[in-house]
Amino acid sequence: MDEIKAKELHDGILAKVREYYELVHAPQRESAFLPGESRINYAGRVFDAEEMCNLVDSGLEFWLTYGKYSREFEAGLAAYLGVRFALLVNSGSSANLLAFAVLTSPLLGERRIKRGDEVITVACAFPTTIAPMVQYGAVPVFADVEAGTANICTDMLETARSPRTKAVMIAHSLGNPFNIHAVRDFCGKHGLWLVEDNCDALGSKYGGKFTGTWGDLGTSSFYPPHHMTMGEGGAVYTNDPLLRKIALSIRDWGRDCWCTSGTDNTCGCRFTKKFGQLPPGYDHKYVYSHFGYNLKATDMQAAVGCAQLKKLPSFVEKRKANFRLLYDGLKDLPELRLFEKYPESDPAWFGFLITLTDRAKFTRNDLTKYLEDHRIQTRNLFAGNILKHPCFETLEEGKDYRVAGPLTNTDSIMNNAFWLGLYPGMENEKLEYMIQCIREFCKK
Ligand SMILES: Cc1ncc(COP(=O)(O)O)c(C=O)c1O
């Protein structure tokens, strides 16, 4: 191959990509905002020519599957979070599935989660935090959430526990860290696993340390509305080498071997060991220690992720600034209860949660319809109460799931709460317009 010519073509293509970005995508940053006419999305991807160049570079390399960008991304994410291991997967839901599946591994002995074992969680949730529990035949046990933080009521933890409890798996609601000290103490005291669904909280801190790194396993989503994106994508992270080993196996078909795509015998076990009932020297590449999946992402996704990861700290700061602006603009309205956080928390907010108080003479849907009519996108807090959804209709309370106590605040959030976007692409004039519309509506 003529390497000089190839490099010239490669660099020329990337120069064209930059030009294309400037012509097609960059102008959107400058388009004039027309109140009531321009759409205010609750979220969106924020990118520049770097993401597009990485994507095209990866396309030109045409490795396609797990490769140099995937390795760079995993190392970069682990370094950002300060954890030992991060594994790239194809979505946040896959990350949750993988994290949960890890805890069912026979390699964990008595602590593994088996059918009928219980996992404490909340019903005010995104569905795929809970789905893996049901899919693996574990029993989710639902505690209520606090009205102000939308996170687990930690005083319900002891009531929720039974001799079959093996784990706690919950999200940091809309980026707002749950009471990690209380949950960690509880898990430590009873020898329970803690899985932090960190899909909405990448960059949030609690007690000066990143969320997702306090528990045994943390998960991320890189779907476009999230703190950073690669289109579809996710990650599982941990400090525990055994959990990492299991996660790698289950992510990659359940295999025992850990050689990456396109490499052979980096494990040193290729034809030299005996596994299970297999004949001695059976090729390690095709030895399976788990019933796994293929949850890998492509290297093109990772390429976009590498460029986004560099922007993550600035995205996090912008989310915090946008939250402050909304908070200051709405905090005096008696009709609204605004999102609350713990003093130890420094959230990289995913959204701005608003719950109507008793003083409101209107419903949540009245207000969200008004905002939507003014071209402002709104969102409910995901499932509200997952138990009320059709997917629970065939499940039996007491057998397939348990409810630890009244879910009063969960139901209140389902009925009276919604959230506004504050993603890094949101300009101040849009935030100010949102404030103005809400104030006008409350005054009417
Ligand atoms: C808390 C939480 N967990 C998991 C997910 C699933 O992530 P993904 O859409 O990447 O599957 C989401 C998605 O928004 C989420 O909000």
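The values are calculated or read from the model by the stated rules, or taken from the named source; none is laboratory data. Note that the structure is a prediction, hence the values are computed from the model and not measured. Using ideal geometry, Cβ is built from the backbone for each residue, glycine included, and neighbour counts are taken over all protein chains shown. When the accessible area is computed, the model is the full protein with side chains, heavy atoms only, and any ligands, DNA or RNA have been set aside. Shrake-Rupley method; radii C 1.70, N 1.55, O 1.52, S 1.80 Å.
Numbers at a glance
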quantity: Backbone HN-Hα couplings from phi across the range 385-402 [Karplus 6.51/-1.76/1.60, Hz, Gly and Pro as x]; calculated: 10, 4, 5, 8, 8, x, 5, 8, 4, 8, 8, 10, 5, x, 10, 8, 7, 10
quantity: Inter-probe distance in nm under a simple model that places probes 7 Å from Cα toward Cβ, at N380 and K68; calculated: 4.8 nm
quantity: Residues of the range 311-331 with amide N under 20 Å of the 7 Å Cα→Cβ point at F33; calculated: 314-331
quantity: Ranked order, H374, H172 - accessible area, probe 1.4 Å, largest first; calculated: H374, H172
quantity: Ranked packing of 92-102, 393-403, 78-88, 123-133, most packed first, by mean Cβ within 10 Å; calculated: 92-102, 123-133, 78-88, 393-403
quantity: For the chain, share of DSSP beta bridges that run antiparallel, in % to the nearest 5; calculated: 55 percent
quantity: Computed E for Y327/Q436 - FRET, C-beta separation, R0 22 angstrom, nearest 0.05; calculated: 0.90
quantity: Approximate shape of the chain as ellipsoid semi-axes (Cα gyration tensor, √5λ), whole Å, largest first; calculated: 38, 33, 16
quantity: Distance in nm between pseudo-label sites at D264 and V24 (7 Å out along the Cβ direction from Cα); calculated: 4.1 nm
quantity: Rounded accessible area of C269 (nearest 10 Å², 1.4 Å probe); calculated: 10 Å²
quantity: Computed [θ] at 222 nm, deg cm²/dmol, the chain (DSSP H ≥ 4; -39,500 (n - 2.57); rounded to nearest 500); calculated: -11500 deg cm²/dmol
quantity: Extension gain from D155 to K7, taking 0.36 nm per residue of separation minus the Cα-Cα distance; calculated: 47.1 nm
quantity: Gyration tensor (alpha-carbon) shape descriptor, the range 276-409, a/c threshold 1.5; calculated: oblate
quantity: Inter-part distance where the range 127-149 and the range 8-78 are each reduced to a Cα centre, Å; calculated: 35 Å
quantity: Listed residues F73, F392, F382, most fluctuating in the chain (Gaussian network, C-alpha, under 10 Å); calculated: F392
quantity: Other-chain or far-sequence residues with amide H under 5 Å of R402's (modelled H); calculated: V141, F142
quantity: Potential extension, D373-F291 segment - 0.36 nm per residue separation minus Cα distance; calculated: 24.6 nm
quantity: Å² of accessible area per residue within the range 59-301, as computed with a 1.4 Å probe and no ligands counted; calculated: 37 Å²
quantity: Most mobile of K388, K114, K273 in a GNM of the chain (Cα contacts under 10 Å); calculated: K273
quantity: Net length gained if the chain between R84 and R164 were fully extended (0.36 nm per residue, minus Cα distance); calculated: 25.8 nm
quantity: Charge dipole (the chain, unit charges on Cβ, about Cα centre) - positive-most of L14, F418, L367; calculated: F418
quantity: Candidates G305, G218, G281: whichever shows maximal mean-square fluctuation once the chain is modelled as a Gaussian network with Cα springs under 10 Å; calculated: G281
quantity: DSSP beta bridge pairing in the range 110-175, given as percent antiparallel to the nearest 5; calculated: 10 percent
quantity: Hull volume in cubic angstrom per residue (convex hull over the Cα atoms of the range 59-301); calculated: 120 Å³
quantity: Rounded, prolate or oblate (a/c below 1.5 giving rounded, otherwise prolate when a/b exceeds b/c) for the range 1-155 by Cα gyration tensor; calculated: oblate
quantity: Within the accessible area of the chain (1.4 Å probe), percent carbon and sulfur; calculated: 54 percent
quantity: DSSP-defined beta bridges in the range 192-296 - what % are antiparallel, rounded to 5; calculated: 75 percent
quantity: Under 5 Å, built H, 5+ apart or other chain: amide partners of A167; calculated: I120, W193
quantity: Amide H partners (placed H, <5 Å) of G292, local residues excluded; calculated: G254
quantity: Under 24 Å from K310, Cα to Cα: lysines that are on another chain or at least 8 residues apart; calculated: K16, K68, K205, K209, K296, K318, K320
